[in-house]
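The values are calculated or read from the model by the stated rules, or taken from the named source; none is laboratory data. These numbers come from a predicted model, not from an experiment. Quick reminder, even Gly has a Cβ in these numbers, built from the backbone with ideal geometry, and neighbours come from all protein chains shown. The area values use the complete protein model at the heavy-atom level, side chains included, leaving out ligands, DNA and RNA. Shrake-Rupley method; radii C 1.70, N 1.55, O 1.52, S 1.80 Å.
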Amino acid sequence: MKKFFTIASALFLATSLSAKVVYVATDGNNSNDGSTWDNAVADIQKAYTLANAGDEIWIAGGTYTMTDGSALLVDMKDQVNVYGSFQKGDASIDARVRPDAVNKPYEFDNPTIFTTEGVTLSQRPFGRSNTTDEWVGAILDGLSFSDMATSNGKLLFLQTGVTMQNCIVKNCGGTEIIVYFEGNGLMKDCLVEGCYSLGSDKTKFYAVRLCASAAFKKINNIENVTFKNNKDGSSLHLYNYAEGNGRSYVKNCTFDGNTNYCLAFKNDGASTPVLVDHCLFENNKCATAANTVGEGVVFTGNSASAVAITNCIIRNNENTAAATADSKNAIIALNGGSMKLVNCLIHNNKSNRLNIYVAGHMINNTVVNNIGSVGAATKSMGDYINNIFVNNTPTEGNTVFTADSESNIEFIYNGIAETDVTIANDNAYADYYISGIDASSFVNPTSTAGLVTNEEAVNADFSLNVSSPAINAGLWNYDGYDAYPELYVGYIDGTEIHDEAVAAYQKDLAGNVRVEDGKISLGAYQGAKTTSDIENAVLDNHSAIVYGIVGAIIVETEEMTNAFVYDMTGSLIKTVTINAGSNTIPVAGNGLYLIKVGNAAYKTIVK
């Protein structure tokens with residue numbers, strides 16, 4: 001067989017052979033060449049000047065203080081990956097120690113910390129001098145950005161092709177954006193905490209902004225990121241220009257204790273569908289502004305493309321804005337007709353007006369013990385099917401669900417008393433109310449409507465009791481069509497959907513198969529609440545087969561990644577790099593093991 005050696009492969013081989021590591025340490029010296037830990041340079045900018053495409057920069061743990069100087073303090077380079085949080089002398093990236101790699105992948109024993117010590121810089125700390133070329137790609141891994149501030153717009157200007165992983169952004173301030181992606185970016189396994197605005201208009205501030213710009217037209221994704229105690233504007237903003245193209249996702253993220261909008265949408269084009277899947281929103285609190293697009297604490301904004309919000313838990317959030325005739329004051333505000341909520345648990349939230357405001361669709365959600373009504377948006381054409389509404393305190397007259405005379409909706413097969421529904425449009429279709437569903441229908445509901453303690457919210461179980469009237473009471477076959485998920489995906493979306501949304505629709509919130517023997521239950525749960533619920537969920541969509549044999553664990557995967565093996569006590573006992581195909585990981589001792597492959601967790605028994 002002939003083997004062809006192309007110019008591209010020659011260039012790749014040449015780059016690989018010449019690739020090097022440039023070392024940085026707090027006790028380094030910029031007169032060094034950075035070739036070893038003993039010859040480390042003192043700062044990351046010096047390291048970038050020594051690095052070329054294909055090289056890596058390794059930064060030892062310690063604090064690196066940045067002060068005003070050049071117009072751009074750190075000028076990043078394409079195809080130069082940066083790894084931090086090493087102990088000097090570490091010989092591999094895997095040698096870095098993380099005390100809890102599964103639950104807090106961003107925490108290292110020897111963290112690399114960049115800071116301005118609270119001083120506001122006039123320069124942009126991290127960015128690119130060349131902002132016109134699209135990057136092939138670069139990685140930032142194991143870095144902490146703490147107590148940093150800039151008056152120069154964006155603190156971390158990552159633009160295109162950057163993966164930011166295992167990083168912390170904490171107590172950082174800026175006039176516009178703290179972390180900015182403009183195309184083909186990925187943020188994962190990170191913590192974003194305590195970010196705040198230095199601008200005069202604090203509503204126009206974003207802790208993280210994912211932008212599919214007109215210049216690059218590429219979407220960005222985010223997974224397994226915790227947003228905690230952020231203060232102004234929006235914690236996460238998805239802004240896709242009309243020219244943008246591609247499917248973006250927000251997966252397995254947690255929004256906890258923020259006093260701003262959690263997740264804001266602005267999708268101007270129809271070719272950027274979004275999937276928000278398996279996210280947790282709890283203990284967030286702010287006062288939304290009246291007469292603005294959105295007005296929702298958890299979700300806000302508008303979208304011309306399909307947005308599927310699936311398998312999320314939304315609990316103990318509060319909108320503190322006073323109720324007025326021209327405000328929504330919602331916890332959830334979805335203004336686009338192609339936006340939808342599916343398989344979500346929404347409980348113990350509080351608003352002075354609307355708990356949920358939807359222009360699109362609500363399918364198989366459990367809405368329980370909230371203060372605030374549910375309202376269909378004016379001129380909505382949405383469908384409301386297979387939902388449960390129980391023990392919600394209305395704030396729009398005396399009814400839990402309202403739709404005005406311009407809303408031509410379909411409201412069928414919902415667990416709610418007909419007297420709790422007001423639909424003013426005579427042409428709207430409302431029928432098949434499922435009665436008899438109350439608190440006793442759930443395994444362990446919270447005790448009251450409105451805010452409860454975090455402990456009570458976490459320990460609640462809103463899966464269905466075996467005697468619940470909601471079991472198998474939902475709509476499945478509709479006018480000869482299998483209504484779930486084909487009808488819901490094809491008819492209700494109306495626009496191009498995210499390709500993973502179909503799979504997300506086929507499981508309930510706990511990972512149970514959504515339709516059993518041609519029957520579907522009302523609400524977010526088809527079966528029991530299990531360990532696959534969000535608090536203990538598989539963290540991403542990494543596909544692997546994991547099983548135990550005598551003396552070893554077998555991992556079969558489609559791509560190269562890292563695997564972490566934990567024993568029954570939760571102690572990390574082994575970290576290995578696995579290749580595509582079948583991998584054998586020897587272990588000493590029988591018993592139960594937890595294996596993290598990429599960011600997905602599996603359990604197996606070794607005999």
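A compact table of results
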| read-out | value |
| --- | --- |
| Wholly within the range 305-404, strands (runs of 3 or more DSSP E) carrying at least 1 residues that are in contact (Cβ under 8 Å) with a residue 12 or more places away in the chain, under 24 Å from Val458 (Cα atoms) and in the same structural domain as Gln506 (by the TED database) | 307-310, 313-315, 330-334, 339-342, 345-347, 350-358, 361-363, 366-368, 371-376, 388-390 |
| Among the residues listed as Asn364, Asn349, the single one being closer than 15 Å to Thr393 by Cα and buried (at least 24 other Cβ atoms within 10 Å of the Cβ) | Asn349 |
| Residue among Ser407, Ser467 that alone is under 20 Å from Asp508 (Cβ atoms) and part of a loop (DSSP other than H, G, I, E, B) | Ser467 |
| Counted residues, the range 164-178 - those being in a strand (DSSP E or B) and within 15 Å of the chain's Cα centre (by Cα) | 2 |
| Residue count for the range 211-248, restricted to those that are part of a strand (DSSP E or B), modelled with pLDDT under 95 and hydrophobic (A, V, I, L, M, F, W, C) | 3 |
| Failed condition for Ala403, given (1) aliphatic (A, V, I, L, M); (2) under 18 Å from Ile314 (Cβ atoms); (3) crowded, with 23+ Cβ neighbours inside 10 Å | (2) |
| Qualifying position, being modelled with pLDDT of 70 or more, surrounded by fewer than 19 Cβ atoms within 10 Å (Cβ to Cβ) and not hydroxyl-bearing (Ser, Thr, Tyr), among Gln506, Gln526 | Gln506 |
| Checklist (1) assigned to a loop (DSSP other than H, G, I, E, B); (2) open to solvent by less than 60 Å² (accessible area, probe 1.4 Å) applied to Ala457, failing item | (1) |
| Count - residues of the range 435-460 that are free of Cβ contacts under 8 Å to residues at least 24 places away in the same chain and in contact with a helix residue (DSSP H, G or I) (Cβ under 8 Å, 6 or more places away or on another chain) | 2 |
| Within the range 406-431, tally of residues that are aromatic (Phe, Trp, Tyr) and surrounded by fewer than 19 Cβ atoms within 10 Å (Cβ to Cβ) | 1 |
| Odd one out for Cys211, checked against (1) closer than 19 Å to Gln159 by Cα; (2) touching a Cys at 6+ places or on another chain (Cβ under 9 Å); (3) crowded, with 22+ Cβ neighbours inside 10 Å | (2) |
| Failed condition for Tyr206, given (1) of a type in the set (Ser, Thr, Tyr); (2) under 22 Å from Ser303 (Cβ atoms); (3) surrounded by fewer than 22 Cβ atoms within 10 Å (Cβ to Cβ) | (3) |
